[in-house]
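Reviewing the structure listed below.
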Amino acid sequence: MPLTMQSRDANAAVTGTPVTDTPPLEYKHVWYAYGAEPVVEDITFAVKRGEFMAILGPNGSGKTTLLKLALGLLRPTRGDVLLFGQPPSHFRDWLKVGYVPQRTEALQNRFPATVREVVAFGLYRGPGLPSISGRSAARAQVSGAIESAGIAALADRRVSELSVGQQQRMLLARALVRKPELLFLDEPVAGVDAAGQEQFHSLMRRLNREMGLTVVIVSHDIGAVMREASTCACINCAMVFHGPVHQLTSRELSDLYGFPVDVLVHDAGHEHSHDALQEHR
Ligand code: ADP
């Protein structure tokens, strides 16, 4: 059975525990510099519970740096990053947070593990910490995550036998196995063919809609983002646009990327109204 992501909220409804309005993620006037020049300049936005937020921007515009700030891998030079209301350095409930890294980063060191073994590693909480659950519960959780990621048939395959798109789904399952409330994805479909990209994005949309997972995705694929995401933040070190995807115009995209980008409307009934994009390079 696929995973159910909203267990904490569902429990809250049953027990009467109030569900807070604290956004899962908030940047407040955040600056960051690796050296003298800032690469993140005065960024402010929040990601609400249940939102599907895309972070768009050209190479080197600070997208990955923003994710690293959220994950506590970097500390802002100025301003505040808040994860469920707390600075990442004080945040302890990391099971609420999933992260799908860029594939190349994640699979640099290949080892002869199966999909199931890699996904199970997502339950590991570090040395000295109690295991997440009993053995059979953990097995069920791993199977559920693999099913949710749409790769049940590949569970016992070795990683080295998988296509790029299949490896990416395995990394997604590894993040889902923790039953996160907030999922970060960094260029998850880089190197995946067009059909695989399409499928991956619609899977993310389904997880977002049906399971209430809050999604923050860094993507190069403007078209897919326009179809699947609900909101977007366009950054080029500073914020260029933040708001609902359907308010994003060709002009803002062209300013962002430095070349003309047309927003084509194919289907007026589509909820985002902008159904496809055409880029002129
Ligand atoms: P993006 O994800 O949008 O491509 P990044 O956040 O990775 O952008 O990088 C933003 C800028 O910071 C780039 O100019 C990049 O070269 C620089 N940068 C990234 N990581 C480091 C680092 N570890 N040390 C120095 N500069 C870095």
Radius of gyration and Dmax for the stretch 49-98's Cα atoms, expressed in Å? 11.8, 33
Fewest to most Cβ atoms within 10 Å: 115, 159, 261 sort as 159, 261, 115
Listing 228, 37 from the residue with the fewest other Cβ atoms within 10 Å to the one with the most, what is the order? 37, 228
The stretch 134-252 - Debye-derived log10 I(q)/I(0), Cα point model, q = 0.23 Å⁻¹: -1.41
More than 13 angstrom separation, counting every C-alpha pair in the stretch 176-225; what % is that? 57 percent
Checking rank on 75-86, 198-209, 53-64, with mean other Cβ inside 10 Å and highest first, the result is 53-64, 198-209, 75-86
Inverting the mean 1/r over all pairs of different Cα atoms, compute the Kirkwood radius of the stretch 183-262 and quote it in Å. 13.4 Å
At what distance in nm do the modelled label points of residue 90 and residue 135 sit from each other, each positioned 7 Å from its Cα along Cα→Cβ? 4.1 nm
To make sure I understand, if each residue's beta carbon is the centre and we count other beta carbons within 10 Å, what order do 116, 135 fall in, fewest to most? 135, 116
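Read the figures in this text as sums done on the coordinates, not as results from a lab. Here the structure is a predicted model, which means the values were calculated and not measured. FYI the Cβ positions are ideal-geometry reconstructions off the backbone, even for glycines, and counts take in every protein chain you see.
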